[in-house]
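Here, each number is a calculation from the coordinates, and none is a lab measurement. Given the structure is predicted, the values throughout are model-derived calculations rather than measurements. Neighbour counts are summed over all protein chains in view; Cβ atoms, including those assigned to glycine, are modelled from backbone coordinates with ideal geometry.
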Amino acid sequence: MKIGICEDILEHGQLLQAMIEKYYSAKKAECEVMLFSSGTAALESAFAAEADVFFIDIELGDMTGMELIRELQAQNPACFFAVTTAYRKYLDAAIDLRVLRFLDKPLEKARVFSALDKAEEEINRQLVVIKGKNNKTYRFKQEDVIYAESKFKKSFITTTDMVIETALPLKDIKALLSSPIFLVPHASFIINKSYIVRFERKAITIRENKKDISIPVSPNKQHEMKSRLM
């Protein structure tokens, strides 16, 4: 687990880091914790693009925590965020950004541990980690997958942010995409039904970044697709 902390008061950041390390030590699990003293430092670090969870103070010296979360979400859509602050007025803004937890200062160990429990639960439920071309590791949320396609003895996963080429067969990708939002209308395709714009007996149209794509429906899948989509 990779966890970032952005806190402009060093003592506060070190206290939170100690809590996080104690949590993973008790679980006998590995974690890497990186402490940043400003939003700029966090954004300039390669660690930000790889972090699983970020704890962010609302009032930083160079930007607000909300601004930092927006920037980090653009860099790393799979990351989960917890906000630490003494100011409840930011609660609505945190909810709008789908922040996992809002932690009041002074921080309580039980609340921090609860936030880590929730983050692990969400990561296990939503996150897909896959090896792509040149053995590069990709991390993304299931809900961000638009469709996956098998062709030329390779598989291609199209998400809202990228297209991933992988040697994994489509059946193994389907095992990773365990959410009920995914359908298999054809042996060569997996689709996210959230992106369907039109259903016909022989084809399903999905929308990818304002572009419509027609996905064939196999004859032996037509009844199943109709029952799940009509």
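Among DSSP bridges having both ends in the chain, what percentage is antiparallel? Round to the nearest 5. All intermediate terms of the calculation are to be shown ahead of the outcome.
On the way: 31 of 49 bridges.
The antiparallel fraction comes to roughly 65 percent.
For the chain, the dipole from Cβ point charges (+1 on Lys and Arg, -1 on Asp and Glu) about the Cα centre works out to 1640 debye, to the nearest 20. Checking every one of the chymotrypsin sites (Phe, Trp or Tyr not before Pro) in segment 94-187 against DSSP loop status and a limit of 11 other Cβ atoms within 10 Å picks out Phe152. Listed values [x] 108, 46, 33; [y] 63, 36, 30; [z] 77, 33, 27 include one computed from this model; for Cα extents along the principal axes in Å that value carries the label [y]. For segment 102-185, the list of trypsin sites (Lys or Arg not before Pro) that fall in a loop by DSSP and count at most 12 other C-beta atoms within 10 angstrom reads Lys136, Lys153.
Computed extension gain for Gln73 through Arg111, at 0.36 nm per residue and net of the alpha carbon distance, reaches 11.4 nm. Which residue, Ala42, Ala18, Ala51, has the most motion in a Gaussian network model of the chain that connects Cα atoms within less than 10 Å? Residue with maximal mean-square fluctuation among Ala42, Ala18, Ala51: Ala18. Counting 0.36 nm for each residue step from Glu200 to Glu32 and taking away their Cα separation leaves a gain of 55.6 nm.
Residues considered: Glu122, Glu149, Glu30. Largest GNM mean-square fluctuation over the chain, using C-alpha springs under 10 Å, is found at Glu30. Stretched out straight at 0.36 nm per residue, the stretch from Lys226 to Ala41 would grow longer than its current Cα-Cα span by 61.5 nm.
Between Asp161 and Glu208, the simple spin-label model (points 7 angstrom out along Cα→Cβ) gives 1.8 nm.
Where the only charges are on Cβ atoms (+1 Lys, Arg; -1 Asp, Glu), what is the dipole of segment 2-127 about its Cα centre, to the nearest 20 debye?
Values: 14 positive and 22 negative charges, 99 e Å.
Once rounded to the nearest 20, the dipole reads 480 debye.
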